[in-house]
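Contents: one structure, followed by commentary.
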Amino acid sequence: MRTLTSADLSLNTATVSKQWTLAECIDGCARHGIGGISPWRDKLLDCGVDRAAKLIRDAGLGVSGLCRGGWYTAEGALTQTVLDDNKRAVDEAAAIEAACLVMVVGGLPDGSRDIDGARAIVTDGLSATLDYARTVGVKIAIEPLHPMYAADRACVNTTGQALDICDRLGNGIGVALDVYHVWWDPDLAAQIARAGKDRLLAFHVCDWLNPTRDMLTDRGMMGEGVIDIPAIRSVVEAQGFDGLVEVEIFSAEDWWTRPADEVLAAMTGALPSI
């Protein structure tokens, strides 16, 4: 397993979403020696896509991903609005030269109890987006979310489910693994091996606090919680993954309340726990 430095980290802008604009995130990464960034689309659009692309390029940062596309079950099905928004997300990812477009695929349509039907809608939506993404050289990364989000955020909840979709859709699609969502899965190591290097498109880290105060917005800095992050990273890197390690922390009562420079310093200080 490689020895990480701050240059191997990427800042997901959600980690300091309450403190900084995208331009400030880019400057902060440069100051702290962090090698990459992963913008959320709201921050990207506030900055302006072309301006953001130039700022990122001028700072010498890699782009580990763009968050996020998906939400295919919004409005009940694959509406043109949903499909058009995902096409725009692909174009934005291409403009900033993102390694992938991360997909939070959507949960159950309103009023539905048919999770298999929701997964079928998601697969059709991903297929449509992937057809376009291939034409502009953007890779699509399904992010399986913890089962607690199956109803409202993502009906794809394990790496195995995500790879089943990838198997059906072919080249250009893989997975974004966030340890917060997949650490509990007893089949994780086998599914990472199944993915292989070509389909391991992103690796996100934070920690699961026990007890946790909120399932969405109480993530910990690496080393604060119960996830054996180095063990998972070793399995991912055994498949040849050598990309940026993306730090994505939702923390309403802690890290979002601190000065952003303090958060980035904590990120680099947590390297031994990754």
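The values are calculated or read from the model by the stated rules, or taken from the named source; none is laboratory data. If you're wondering where the values come from, they're calculated on a predicted model, not measured in any experiment. Note that we place each Cβ from the backbone using ideal geometry, even for glycine, and neighbour counts take in every protein chain shown. Just so you know, the surface numbers come from the protein's heavy atoms only, side chains and all, with ligands and any DNA or RNA stripped out. Shrake-Rupley method; radii C 1.70, N 1.55, O 1.52, S 1.80 Å.
Taking every C-alpha pair closer than 8 Å and separated by at least 6 residues, the mean separation divided by the residue count of segment 1-158 gives a relative contact order of 20 percent. Say the cut-off is 24 Å between C-alpha atoms; which of LYS43/LYS87; LYS54/LYS139; LYS54/LYS87; LYS87/LYS139; LYS43/LYS139; LYS87/LYS197 go over it? Long pairs (Cα-Cα over 24 Å): LYS87/LYS197. Fully extending the segment from TRP184 to SER6 would add 61.4 nm, taking 0.36 nm per residue of separation and subtracting the current Cα-Cα distance.
Neighbours of ALA162 by Cβ distance under 15 Å: Lys/Arg scored +1, Asp/Glu scored -1, total 0.
Per residue, the chain exposes 40 Å² of solvent-accessible protein surface, assessed with a 1.4 angstrom probe and all protein chains in place. Relative to its residue count, segment 187-253 spans a Cα convex hull of 92 Å³ per residue. Placing R0 at 45 angstrom, the Cβ-Cβ distance between ALA231 and ASP167 gives a FRET efficiency of 0.95 after rounding to 0.05. Where does the charge balance sit around PHE203 when Lys and Arg score +1, Asp and Glu -1, over other residues with C-beta under 13 Å from its C-beta? Around PHE203, the surrounding residues sum to -3.
Protein heavy-atom surface of the chain, 1.4 angstrom probe: 50% of the accessible area is carbon and sulfur, with nucleic acids and ligands not counted.
Less than 5 angstrom separates the built amide H of PHE250 from those of ARG219, all sequence-distant by 5 or more or on a different chain. Evaluate the relative contact order of the chain (contact order divided by residue number), counting alpha-carbon pairs under 8 angstrom at least 6 apart; express in whole percent. Result for the chain is 20 percent. In this simple spin-label model, placing a label point 7 Å from the Cα along the Cα-to-Cβ direction at both ASP131 and ASP214 gives a separation of 4.0 nm. With every protein chain in place and a 1.4 angstrom probe, the accessible-area ranking of MET148, MET222, MET215, largest first, reads MET215, MET148, MET222.
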